[in-house]
Each structure stands twice: as C-alpha cells, then as structure tokens.
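> Here it is, the structure, as structure tokens.
The values are calculated or read from the model by the stated rules, or taken from the named source; none is laboratory data. The shown structure was predicted, so the numbers you read here are calculated from the model rather than taken from an experiment. Counting neighbours? That spans all protein chains shown, and the Cβs are built from the backbone with ideal geometry, glycine included. Areas reflect the complete protein model, heavy atoms only, side chains present, ligands, DNA and RNA absent. Shrake-Rupley method; radii C 1.70, N 1.55, O 1.52, S 1.80 Å.
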Amino acid sequence: MEEFRQPIILGFVALYMSICIWVGIWAMRRTKSAGDFFVAGRGLGPMVVSLAVFSSTLSGFGFVGGPGLVYATGLSSIWMAVCSALGFATGYYLIAKRIRMIAEVRNSMSLPDIVFARYGSEAARLLTAGTILLGVLGYLATQILAMGLVLQSILQGTDMFADISLVASVVISSTVLIFYCVTGGIVASVYTDLVQGIVMIIAGALVVITAAHVFEGGFAEATGILLANDGEDIMPFGTLGAMASLSWYFLFGLGLAGQPHVATKMMMNRNLSDNKIILPMTVFGYVVAAMLWISVGVIMRALVLGDVGLPLGNADQAAPEFLSTYAHPILAGIVFAGLFAAIMSTADGFLNIGAAAVIHDIPKALRGRSLDNELFWARSATIILSVIAATIALYSGQLVALLGAFGWGTFAAALVPVVLIGLNWKQASARAAVTAISVSLAINFAIQLWAIKIPYGISGGFLAMLSSMIIFIAVSLAEEPKPLPKDIDRILEL
Amino acid sequence: MKPVYLLKPIHLVFALLLVIAGITIFVLISDVPAGASGTPHPTIAGLSVGGDGTEKLSAIGKAPYYFQVAVILLAGTLLYMGIPAHRRDRLLRLCFGVGIAFALFVWVMLFSGYEAYLATGQTRVLFGFPMPTNWMFWGIWGSFAIFDVFYFFAFRRYFLHPDDEAAFNELVREMEAEREAT
C-alpha cells in the first residue's frame, strides 16, 4: 500500500473537498435571506453548533503551527490548548445565553449588532466591525496561504502535478472554499464544520495512537530522551519559560469568548436550552482533536534530539513529516483531510463575519441602515474578501505574518471587555467600550509594527488584553450609570 | 471592611486585574537573565532549549506562581459573574469555592513539582510524562473542565432557570407586540 501513499492522500482530500461542494449546493436551497446567510435563521441543532464552535476555534494552527511550536520550543504552547476548558466555560457562562437572547429580541445578525444593542453606540459598532475586518483579513490570508502550501505539498508528491505552483494551489483550494461560502453562506459553513469537526476528532484520536507507537517505550521513552537532552522542554513551561506560557493561558483562556467567529455561532442555536449540551460536546471535541498538537510535536522533537530522525528544515513541517514517515497511508489521508478541515472551518467563519462587517455593520454604523439586497451583496463581499485575502497571502511578503499575528490577540483584547464583561455588568458604558477597543488596537499595532520584544517572552496580545480590560472597567466606574433600553436591561437580569 | 463574598464581583475582577498588572510590571522591569525565554539549540537550527530553569527564575522569583493564583481567582470570579445575581445562593458559592480551591491545589502541585525538579534534577514519569507536566495536561485542563461539567448538571438551576426562560419568552412576546403596534 505504501506505493499508493500519495494517491490515497490525494483521494481523501478530493473526497473531502467534494463533500464541501455538495454541502454548498445543498445549503444554497436553504439560504433565502441575509438572516439565513449570516446566522442560519437561528435554527441550528446542538450537535451542529457544538462541532462548528470547536472546529472553528481549532484552526490550521492547531494542526500545523501547534505541532511545529512543540517541536521548536517544547510544551510552552500547550498552555494555549489546556486553557480550552476555561475558554469554553467563559464563553458559555458569560455570553452564550445573553448573546442568543439579544439576537432574538433585536433580530441581530452579527457581533457588532449585539454591541450596538448593548451600548446604543454607533461608534462602538463601527469600531467592533473595523476590528473584525482587520483581524479577518489577516487570519484569512494566513489560512488561505496554509491551504495552498498543504495542497501544493500533496500534489507535488504525484507525477502528474509535480510542478504545480503555489498560486495554482491557492486558486484550487480557495475556489472550493469560496464556492460553498458563497452559495450556502453560514448554513454551508456550519454543516461543513460538522463534517470537518468529525474528521478532526477522528484524526486527532488516531494520530495519538500512532504517535504512542513510534518509540518502543511509547511516550515514556520520548520523555526520557527529552529529559536527558534539555529537560525544560518536556516540563510544563517548555523552553520559553513560565511567564510566556502563563501569558498565553490568560490570552487564550479568557480571550476565546472574544473571538467573533466563535461568539457569532452562539447566536445560531434553535433553543436556548441547547447550550446545556453544546458546552460539554464542544470541550470534548476540542480536547480530542488537540491531542494531535501535543503528541506529534513531542515525538518529532524526541526523534530529532535522540538522533533517530533528521532535523526539519522548518518547524511547521513537523506534522506533514510525521504523517509521511510514520502514519499508515489511510491515516495520513484522513489527517490531511482533517488538516484541510481545520483550515477551512476557520476560514469560512471568518469569511462570513467579514462579509457581515462590510455589507451590514459598517454601512449601518455610517448611514443608519445596511445595504439593500443584502443577500446579493453578502455573496459579492464573500468573493471580494477571499480575493483580497488570497492576494495578501501570495504577494504581501511580511504583511501576511504581521496580519496573522494580529488576529487572535486583536480580537481578544478588543472584544473581551466589551462583550464578556459588558454583557454581565449593567454599568459598563459606551465610552468605556470605545476607549478599550481603541487602546487595545493601538497597543497591538505598536507591538507588531515596531516588533517590540517583550521580556520573558510575555505575549503582546496579553498586555493589550489586560490593559483594555482594566481601562474598560475603570472608565465605566468613573461614569454615572446610565439607564439601559428596557429589553437589554431585562436580558441582563436573566 | 466587607467580607469578600459581599463585594460586587466586578470590584473583585478589577482588583485582581490590577494585581495581575502589578505582577506583570514587576516582571517587565526585573533583570532579564540570558536565555530567559530559551536559547537556540547549539547544533540544530530551528530548535530552542530551555537551559537552566533556576537561573531563568532568579530575578523574578515566585512571580509566575502568584500571577497564576490571581488568574485562577479572576477566572473563577468572571464565571461567577455569568450567573444571574438572583440565582446565586449558598450552594453555588460552596460549589465555586470547591472548584476554585481545586484549581489552586492543581496549580500548587504543578509549580511545587516543577520547583522540586529544578532543585534536584529528578522527576517521576507517569503516563509517559513527568509529574508536573501531568498536572498541566490533566490538572490545568481538568480543573476548569469541572466548571463545564457543573454547567451541564446545574443548567436549569443556575444558568437557564425555567422562570427566567419564561420571563424571556414574555419579553419576546412584548417586543413583538410593540413592533406590530408601530
């Protein structure tokens, strides 16, 4: 079977992409309005929502960048994964119920709509939409680039496509993504997320079993090699140290609820009571899929430090190298499909909220109403955003890295105080929201633009988020409490 | 002075954020030993090594320990804020107290295990990983997974009480009636 490795992998990836296209065609019939396109008419079941939430949280980073980080720096980055139980808890304790209630009462279609409903401020809505657009472009560009690179590496392993270019690979993979996002909107996005989530769980579980058998003595033997070579890498804080790891725990644990592509999905469930089972299912899915991140990184590092394997040219090759060397061809096929699933499930969520920001939120903030014929413009905006992101990914050089790094920390710092605290504290004010978003953007931009190196590896996103949370509460406390609209006031009581 | 449980949660959140900021500022202005966030591997490009863990903590001491204590307390308080004020009862406070105490216990075990490793260079390997790493994998994740489990079992009592759901449905009806009237 080994001689058919590349065709098998290609077959699984082609099958997966065909399913995405089929879902797009199926979802097109269910998408009749902008409400359907952006929030699926708030009619999704708990299984779909939970898998959509977890799969869009664990992007291609978890399947490629994560193992690469463990290979390069030991267990430091695992703090981004072990915080998931806290991250999803904050999401469901603090925002899931209220965001869904406001969405129903105000007929909201996006997170900026929720922010406007809560604060009654067009400035807060505009800043939220602008933050989303900036973060989306960056995240989307990195996801599109990752898709292209992975497809190129798979196709280059075959005789027929040995010379395929990166541009062609980006065009092929983006076409599939754009097709199902344009035809089916969020309906296609969440139902492909369902498939993608299942593939990611299977891939995560199978890879752990494979990784445990690379060394005869299992993970204990790998740990022995790492302890003998450095030791810090296999201890809880990895090579980057305690403050770097803990700042990531803060940023990712408390910042998850501020991710707009995750929060938006919390508006889509059919019944409020579905949240009861959505939370545990989400946590379960995430933890199984994230095991790939830990196990592949640890094994690849031990192989190289133990002189069993050759050093990698690039840390991000850890997962592809592991799959091509140690995984059964069928498993490699499933995991490569899982990798596309992880990337696409995040990218489609970003395309959706980005399109909402462009055609719904920003026009509403600037001229008091959204565009006419929203569904048509939503589809057009989805195509335009994809093309811009693909262009950035292919031709911007440093910009893509800059924008990509900007993503999670930007959302967390700007939106956590405004959404997570603001939906649970009546005194939170519009001025505080505007100030907190502005300050967080300024800090994040300054750190990224001037490449400021923070001592002890502390995350810049953490500093921005901590600052914005403090400023948000301080400004709100300094102001006289203002009465809230009747519906929002009553929802914040529930 | 009011007992902690009588303070408004937002005030406790604000105080804990200031404590975290204070510890962070202390770390930022402390001396930075060489290799504080790892050093490149001497022969393998793209790999970093941790080096001397004791040296890395020499200037900041137990700052990371207290930092995480404050973060755990902050996380617990934020989660508590998510439960409607009129549903917060003594049993809830007890459950949260136990949950947060467990999270703190896990953190103490993790950090003290790591300090013991730094002091002796020895550690026990269990389930394929060093003990402090096990506390991180299962303990740090598990201590807040308990809150996820609590959400499931206490959903109707604390998170969406039938009376609150009825009140929300009533609000939806009122808003629809208002919309139709206008």
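> What's the angle, to the nearest 10 degrees (0 to 90), between helix B:141-153's Cα axis and the longest principal axis of chain B?
With both axes taken from Cα atoms, the answer is about 10 degrees.
> Please identify, among B:Phe155, B:Phe168, B:Phe147, the residue showing maximal mean-square fluctuation in a Gaussian network model of chain B using a 10 angstrom Cα cutoff.
Among B:Phe155, B:Phe168, B:Phe147, the largest GNM mean-square fluctuation belongs to B:Phe168.
> Shielding by partners for A:268-280, please: the mean number of other protein chain Cβ atoms within 10 Å of each residue's Cβ. The partial results should precede the final answer.
On the way: counts 0, 0, 0, 2, 6, 6, 0, 5, 8, 3, 1, 7, 5.
Mean shielding by partner chains, rounded to a whole number: 3.
> Next up: Leaving out ligands, DNA and RNA, what percent of the accessible area of segment A:2-396 is carbon and sulfur, probe 1.4 Å? Write down the numbers at each step before the final one.
Working: 7640 of 11480 Å².
Its accessible area is 67 percent carbon and sulfur atoms.
> Each label point is 7 Å from the Cα along the Cα-to-Cβ direction; what then is the distance between the points at B:Asp52 and B:Ala167, in nm?
6.1 nm
> Which of the listed residues, A:Val304, A:Gly45, A:Leu177, is farthest toward the dipole's positive end in segment A:2-396, when Lys, Arg count +1 and Asp, Glu count -1 at the beta-carbon?
So the residue we want is A:Gly45.
> Still on this structure, please answer the following. How big is the Kirkwood radius of segment A:406-468, worked out from every pair of different alpha carbons and given in Å to one decimal? Spell out each step's value before the answer.
Working: mean 1/r = 0.0842 Å⁻¹.
When all Cα pairs of segment A:406-468 are included, the Kirkwood radius is 11.9 Å.
> Right, another one. Roughly how crowded by other chains is peptide A:459-472, in terms of the mean Cβ count from those chains within 10 Å of each of its Cβ atoms? Present the calculation step by step, with values, prior to reporting the outcome.
Numbers: counts 0, 0, 0, 2, 3, 0, 0, 5, 3, 0, 7, 6, 0, 2.
Across the residues of A:459-472, the mean count of other-chain Cβ atoms within 10 Å is 2.
> Also, quick follow-up: Over the Cα atoms of the protein assembly as shown, what Rg and Dmax result, in angstrom?
24.1, 77
> List the residues of segment A:240-265 for which accessible area in the full set of protein chains is at least 20 Å² lower than for the chain on its own; 1.4 Å probe, protein heavy atoms only.
Buried by 20 Å² or more upon assembly, which counts only protein chains, are A:Leu240, A:Ala242, A:Met243, A:Leu246, A:Tyr249, A:Phe250, A:Leu254.
> Keeping every protein chain present and rolling a 1.4 Å probe, give me the accessible area per residue for segment B:117-171 in Å². Don't jump to the answer; show the numbers that get you there.
Numbers: 2490 Å² over 55 residues.
Per-residue value: 45 Å².
> If you average 1/r over every pair of different alpha-carbon atoms in segment B:1-82 and take one over that average, what Kirkwood value in Å do you get? Each step should come with its number before you reach the end.
Values: mean 1/r = 0.0661 Å⁻¹.
Computed over segment B:1-82, the radius equals 15.1 Å.
> Right, something else. Please compute the alpha carbon radius of gyration of chain B, then divide it by the globular-protein estimate 2.2 N^0.38 Å. Two decimals is fine. Don't skip to the end; give the middle numbers.
Working: Rg = 22.7 Å, N = 182, 2.2 N^0.38 = 15.9 Å.
This ratio for chain B stands at 1.43.
> If you don't mind, there's one more thing I want to ask. Only protein chains counted, 1.4 angstrom probe. Which residues of segment B:70-86 are at least 20 Å² less accessible in the assembly than when their chain is isolated?
Residues meeting the cut-off: B:Val71, B:Leu74, B:Ala75, B:Leu78, B:Leu79, B:Met81, B:Gly82, B:Pro84, B:His86.
> Could you list, in their original order, any pairs among A:Lys265/A:Lys482; A:Lys97/B:Lys8; A:Lys32/A:Lys486; A:Lys453/B:Lys56; A:Lys32/A:Lys265; A:Lys32/A:Lys276 whose Cα atoms are separated by more than 25 Å? Write out the running numbers ahead of the final one.
Details: A:Lys265/A:Lys482 30 Å; A:Lys97/B:Lys8 21 Å; A:Lys32/A:Lys486 32 Å; A:Lys453/B:Lys56 17 Å; A:Lys32/A:Lys265 19 Å; A:Lys32/A:Lys276 30 Å.
From the list (A:Lys265/A:Lys482; A:Lys97/B:Lys8; A:Lys32/A:Lys486; A:Lys453/B:Lys56; A:Lys32/A:Lys265; A:Lys32/A:Lys276), the Cα-Cα distance tops 25 Å for A:Lys265/A:Lys482; A:Lys32/A:Lys486; A:Lys32/A:Lys276.
> Additional query: First compute the accessible area of chain B with a 1.4 Å probe, then give the percent of it belonging to carbon and sulfur atoms.
Details: 5930 of 8950 Å².
Carbon with sulfur: 66 percent of the solvent-accessible area.
> I would also like to ask the following. State to the nearest 20 debye the size of the charge dipole of the protein assembly as shown about its Cα centre, where the only charges are +1 on K and R beta carbons and -1 on D and E beta carbons. Write out the running numbers ahead of the final one.
On the way: 38 positive and 41 negative charges, 379 e Å.
It comes to approximately 1820 debye.
> Convert 4 °C to kelvin, take the viscosity as 1.567 mPa s, use the Kirkwood radius over C-alpha pairs of segment A:230-381 as Rh, and evaluate the Stokes-Einstein diffusion coefficient in µm²/s, rounded to a whole number. It would help to have the intermediate numbers written out before the result.
Details: Rh = 19.5 Å.
After rounding, the answer is 67 µm²/s.
> Using the Kirkwood radius over C-alpha pairs as Rh, can you work out the diffusion coefficient of segment A:83-122 via Stokes-Einstein at 4 °C, viscosity 1.567 mPa s, in µm² per second?
Values: Rh = 10.8 Å.
It diffuses with D of about 120 µm²/s by this estimate.
> Pick from B:Ala21, B:Ala59, B:Ala45: which is most flexible by mean-square fluctuation in a GNM of chain B where alpha carbon atoms under 10 Å apart are linked?
Result: B:Ala45 has the largest fluctuation of those listed.
> Something else about it: For peptide A:210-223, what's the mean number of Cβ atoms from other chains within 10 Å of each residue's Cβ? Write out the running numbers ahead of the final one.
Numbers: counts 0, 0, 1, 0, 0, 1, 0, 1, 2, 4, 5, 2, 2, 7.
For peptide A:210-223, the averaged partner shielding equals 2.
> Can you pull a Stokes-Einstein diffusion coefficient for segment A:1-62 at 20 °C (1.002 mPa s), Rh from Kirkwood over Cα pairs, as a whole number of µm²/s?
Values: Rh = 14.4 Å.
The calculation lands on 149 µm²/s.
> Can you give the Kirkwood hydrodynamic radius for segment A:204-276, in Å, rounded to one decimal and based on Cα pairs? Could you put the intermediate results ahead of the total?
Values: mean 1/r = 0.0624 Å⁻¹.
16.0 Å is the Kirkwood radius here.
> Ok, one more. For chain A, take the longest principal axis of its alpha carbons; what is the angle in degrees between that and the long axis of helix A:275-305, to the nearest 10 within 0 to 90?
40 degrees
> Can you tell me, using C-alpha contacts under 8 Å and at least 6 residues apart, the relative contact order of chain A as a whole percent?
Details: 886 pairs, mean separation 156.2, N = 494.
Worked out over chain A, it gives 32 percent.
> Another question, then. Can you tell which of B:Leu91, B:Gly46, B:Phe105 lies farthest toward the positive end of the dipole of chain B, using +1 and -1 charges on the Cβ of basic and acidic side chains (Lys, Arg; Asp, Glu)?
Highest projection toward the positive end goes to B:Phe105.
> Can you tell me the order of A:131-143, A:441-453 when each peptide is scored by its average per-residue count of other Cβ atoms within 10 angstrom, highest first?
Numbers: A:131-143: 26.1, A:441-453: 15.2.
Output ranking for A:131-143, A:441-453: A:131-143, A:441-453.
> May I ask you to give the solvent-accessible area per residue for chain A, in square angstrom, as obtained with a 1.4 angstrom probe? Don't skip to the answer; put the middle values down first.
Numbers: 15170 Å² over 494 residues.
Result: 31 Å² of accessible area for each residue.
> Taking the Cα atoms only, what angle lies between the long axis of helix A:398-415 and the longest principal axis of chain A, rounded to 10 degrees?
50 degrees
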